[in-house]
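Take a look at the structure set out below.
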Amino acid sequence: MIFIPLPRAMSNRVFEHEKESLGSPDSEKLKLKTIVYIKEVGLEVEKIIINSNLTAEEEFAAEASLINVFNYVSDTGLTNIGARHHSSEALMVDEYERINGAVELEVKDIKHRILVIKINRIYHRGMDEKVLYDAVLGVGRASKEKVKTIEYVFCVYNLLIVAVYKPSEWFVCKEAKDRLPRQDIVLTLKTENRLFFCG
C-alpha cells in the first residue's frame, strides 16, 4: 500500500512513485520493488487520494497518522519510509497513559543499587515476557565486583521502565557458557569476559 495525501503544490505526486519504478526496475527501495512486482504479475497500482489541498505540514501529519493506523494492524505491508515524520506510533490507551503519564524517576527516589539496561533496539510492543527476560539477561560490560552489589536491573525503553529484575547470581560468559541466556550469543575475545545474570 502506498498512501499519498496530496499537498496543494504537489498534485502530480500520486504518479511519481510508479514513474520512478519504471526508470529504476532494479531499485532496492521496498516501495519501488513492490510496484515493479505488482506490474510483473499483470496488475495495476491502485491510486487512492485520501485527502487533498493540504499544506505540506498537514500532509506529513495525515500520512503519519495513516501509517500509524495501518502499522498497528499487523501484516498490512506498508512500504512508506516517511512514517517517522511528525509521529511516534499508534498506541493503546493504557500504553499512551503509561508513557505520557509516567513520572520521571529522580535520584532521591532510588532506594536500592540499580543497573539500568537500555533496550530500545530489542523491545517491541507485545513482546513475550520470557523473550524480553532472555534478551536483557546479558551480555553486558560491567565489573564483576560492581555487579555483586546490584539489587535490581531496570530495563528502559525510550526512557520508560518496562521491566525490573532482581538478579540472584552473575556469571562471566566464558566461565558459564552452558548457562548463557540465549543460544545466539557467540563469544569473541571482546565478549567472553562480559557478564550476565540469572534472577
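The values are calculated or read from the model by the stated rules, or taken from the named source; none is laboratory data. Remember, predicted model here, so these are calculated numbers, not experimental data. Heads up, the Cβs are rebuilt from the backbone with ideal geometry, glycines too, and the neighbour counts pull from every protein chain shown.
Taking L32 as the residue in question, decide whether it is under 30 Å from R125 (Cα atoms) and either surrounded by 16 or more Cβ atoms within 10 Å (Cβ to Cβ) or at pLDDT 75 or above (or both).
Working: under 30 Å from R125 (Cα atoms): yes; either surrounded by 16 or more Cβ atoms within 10 Å (Cβ to Cβ) or at pLDDT 75 or above (or both): yes.
Criteria met by L32.
What is the one condition in (1) among the β-branched types (V, I, T); (2) closer than 18 Å to E16 by Cα; (3) modelled with pLDDT of 80 or more that I49 does not satisfy?
(3)
If the Cβ limit is 8 Å and pairs must be 6+ apart or interchain, which residue in segment 34-55 that is free of Cβ contacts under 8 Å to residues at least 12 places away in the same chain pairs with which residue that is surrounded by fewer than 10 Cβ atoms within 10 Å (Cβ to Cβ)?
From residues that are free of Cβ contacts under 8 Å to residues at least 12 places away in the same chain, the pairs are I38/E44.
Based on what the data block shows, is V107 farther than 30 Å from H17 by Cα and either over 22 Å from the mean Cα position of the chain (by Cα) or at pLDDT 80 or above (or both)?
Criteria met by V107.
With the requirement that a residue be under 15 Å from I110 (Cβ atoms) and among the charged types (D, E, K, R), what does segment 137-165 give you?
E151
Could you tell me whether segment 152-166 includes any residue that is over 30 Å from N68 (Cα atoms) and in contact with a His (Cβ under 8 Å, 6 or more places away or on another chain)?
yes
Across segment 14-29, which residue is surrounded by the most Cβ atoms within 10 Å (Cβ to Cβ) among those that are closer than 20 Å to F70 by Cβ and under 28 Å from the mean Cα position of the chain (by Cα)?
H17
Table: residues versus (1) under 19 Å from G199 (Cα atoms); (2) modelled with pLDDT of 70 or more; (3) not assigned by TED's automatic domain parsing to the domain that holds V45.
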site: D75; (1), (2), (3): no, no, no
site: G101; (1), (2), (3): no, yes, yes
site: V116; (1), (2), (3): yes, yes, yes
site: L132; (1), (2), (3): yes, yes, yes
site: V136; (1), (2), (3): yes, yes, yes
site: K148; (1), (2), (3): yes, yes, yes
site: V162; (1), (2), (3): yes, yes, yes
site: V172; (1), (2), (3): yes, yes, yes
site: R179; (1), (2), (3): yes, yes, yes
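Looking only at segment 163-184, which residues are surrounded by 16 or more Cβ atoms within 10 Å (Cβ to Cβ) and touching a helix residue (DSSP H, G or I) at 6+ places or on another chain (Cβ under 8 Å)? Give the derivation first.
Looking only at segment 163-184, we keep the residues that are surrounded by 16 or more Cβ atoms within 10 Å (Cβ to Cβ), and these are 163, 165, 167, 170-171, 173, 180-181.
Result: A163, Y165, P167, W170, F171, L180, P181.
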